[in-house]
Amino acid sequence: MTVNEKQLDGFKVTIQKIIDKYLPEESRFSVKDMNAEQIYYVASVLSEKDEKKREKIWKELEKKSREANKTLKEDYLQILSLKEKYNNIFKSANDLSWLKEDIDADIDLLKKIEN
């Protein structure tokens, strides 16, 4: 089922009210920045009465969390690698620019010496 932003916001408000009403203060959390899938899992955990099913949902959430962290780390390392490549390209371009300036200065000096 696909939900639009208005529906998702409504779900968030309802779930946040449940969290604030039924969870102890130290266990409360915000659902404000969660996406539809995350809201689905939170709602599933909160509404499931069967302890075994709730534990299964928690394990699935933990697995998804580990996968997301792994993907985030891989993406971060790829970004660092690309940043290093771009920095090297910019450094090479600057070095070439400085080399061209040096060559131009040497040519100008040689022309002045010849004249």
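Details
- Approximate spin-label separation residue 52-residue 104, in nm, with each point projected 7 Å along Cα-to-Cβ: 7.9 nm
- Each listed q (0.23 Å⁻¹) maps to a log10 I(q)/I(0) for the chain from the Debye sum over equal C-alpha point scatterers, namely -1.27.
- For region 56-115, the extents of the C-alpha atoms along the principal axes are 88, 7, 5 Å, listed from largest to smallest.
- Annotation note: chymotrypsin sites (Phe, Trp or Tyr not before Pro) in region 4-41 located in DSSP loop regions with a Cβ neighbour count of at most 16 within 10 Å are 29.
- Kyte-Doolittle mean at least -1.0 and Cα axial length at least 18 Å: DSSP H helices in the chain: 5-22
- Restricting the trypsin sites (Lys or Arg not before Pro) of region 22-74 to loop positions (DSSP other than H, G, I, E, B) with no more than 14 neighbouring Cβ atoms within 10 Å leaves 28, 32, 49.
- Three-way shape call for region 1-40 based on the alpha-carbon gyration tensor, with the a/c threshold at 1.5: prolate
- Percent carbon-and-sulfur accessible area, the chain, ignoring ligands, DNA and RNA, probe 1.4 Å: 56 percent
- Note that the chain presents 89 Å² accessible area per residue, ligands and nucleic acids not counted, probe 1.4 Å.
- Separation of region 17-39 and region 56-115, taken as the distance between their Cα centroids, equals 41 angstrom.
- Per-residue [θ]222 nm for the chain (sum of -39500 (n - 2.57) over DSSP H runs n ≥ 4, rounded to 500): -29500 deg cm²/dmol
The values are calculated or read from the model by the stated rules, or taken from the named source; none is laboratory data. These numbers were taken from a predicted model, which means no experiment stands behind them. As a convention, Cβ positions derive from the backbone with ideal geometry for all residues, glycine included, and neighbour counts pool all protein chains shown. Ligands, DNA and RNA are stripped out before the accessible areas are found, and what is left, the full protein with its side chains, is counted by its heavy atoms. Shrake-Rupley method; radii C 1.70, N 1.55, O 1.52, S 1.80 Å.
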